[in-house]
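Encoded as C-alpha cells, the structure appears first; notes follow it.
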Ligand code: DON
C-alpha cells in the first residue's frame, strides 16, 4: 500500500502505533529476527493481517466472563472424590499471546489439577525422546469416539492402540518416557511442564491421594494394554506416574502460558526457552484436534475450529498456532467430561475474534 501524501516520519509513527496496539503477532519468525524485534519496533508488515487490538481481546474476554458467569449447567467430576469438593463457582479466563502478552478475567490465579491436559505435554516429552514416528507406531493417533476412559476403545481398535489423549494411550505414553525410577520419571515430567508454564509447578497432593485410592479403571486399562503388548514399562508404576502428572496444579494463567508455548511452536513466549521441539508441534496440535475433547472433539472442531484439550479438573486450553492460547477454568463438566463454561467462553471468544482456523476471517478474508 502507498501513502504518497505522507512523510516518512508520519508513516513511521503510524507503523509504531499499529505495532504497539495490535495483540496477535505472527510468531513464526526465526529466532534471529525475534532477537532484533527486541531492539527495534516491529513493522506492521510482521503482524498478522487480522490482528485484533489488546483492547478488543480484553473486551471479548470480559464479555465471555460476564455472559457465562451465572451458568450453572454441568457438575464437578466426582469419580475422583477430591474434585467434587472444589468450589463449582470458580471461573477464570486467560489469554497469553505468542509474544507473551496476557489478558485475563476472573479466577485466573486459582490452582486446580491439570488432569487430562497433562497428556498433551507428556506426549511432547515422549516425542522429544523417541521422535514422532516411534510414538505414532507405539501409541497411535485415531480418535476413539468413546469416553476418555473407555475399555472398549482399546479392545475394538484392530491395532489396540488409540491416541495419546485418552486414558489408555496416555498411560502408555507415560510408559515410554525414560527414567531410572518412577520418582525420577515424575520429576522429569514435572520439570518439563514447569518449563512450558515458565514457572515451578507443584503437585496437589490431596487430588493425587484421592485419585490413587480410586483409579481401579485405569489399572484395568493398563492390564489390558499389557495383554496386547501396548504398554512399555511396568503397568502399575505407569498408572501411578500418570495419576501424579494429572494431579499437578496449574492456574488458568499458567495453563494459558503452556498453551502459548505450543502456539509459539514450542518456545515459551516469556522465558524464550525452546521447551517442546518445534518440529513436533504440528503432530501434537493434530492429536488435540482429533481427541482433545474426547467424544466431544467432532462437535468442537465443527463449532470452534481450534486444537484444544480438556481436563476433569475443569480446565480447557485452546491453541491458535502462531498467535496465542486461551485457557479457562470452571469445574462443572458435561457428560463427556469437558467444562461447560470453558467451552462456552472459548467458543464465544473464538467467534468474536475470528480465530477459527478453518474460517476465512482467520486469514483476513471476509
Ligand atoms: O485418569 C483420569 O480419569 C483423570 N486423571 C483424567 C481424566 C480427564 O481429565 C478426562 N478429561 N476430560
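Derivation of every value follows stated rules applied to the coordinates shown; laboratory data play no part. Every value quoted in this text rests on a predicted model; they were computed, and no experiment measured them.
Say we join alpha carbon atoms closer than 10 Å with springs in a Gaussian network model of the chain; which of 252, 220, 64 then has the biggest fluctuation?
Looking only at 252, 220, 64, the biggest GNM fluctuation is shown by 220.
Compute the helix-to-body angle for 118-130: its Cα long axis versus the longest principal axis of the chain, expressed 0 to 90° and rounded to tens.
90 degrees
Angle, helix 340-353 long axis vs. longest principal axis of the chain, Cα atoms, 0 to 90°, nearest 10?
The angle comes out at about 30 degrees.
Which percent of the Cα-Cα distances in the chain go past 35 Å?
Percentage above 35 Å: 22.
What is the angle, in °, between the Cα long axis of helix 252-263 and the longest principal axis of the Cα atoms in the chain? Nearest 10 is fine, range 0 to 90.
Value to nearest ten degrees: 80.
Quick check: convex hull over the Cα atoms of region 240-366, volume per residue in Å³, rounded to an integer? If you can, show how the numbers build up before the last one.
Values: hull volume 14.6 nm³, N = 127.
So the per-residue hull volume is 115 Å³.
Can you pull a Stokes-Einstein diffusion coefficient for region 157-230 at 37 °C (0.692 mPa s), Rh from Kirkwood over Cα pairs, as a whole number of µm²/s?
235 µm²/s
What is the Cα coordinate range of region 290-339 on the first, second and third principal axes, sorted by size from largest, in whole angstrom?
The Cα atoms of region 290-339 stretch 30, 21, 14 Å along the principal axes, largest first.
What's the percent breakdown of Cα-Cα distances in region 71-217 across 10 Å bins, shortest bin first?
For region 71-217, the pair-distance distribution reads 9, 31, 37, 21, 2.
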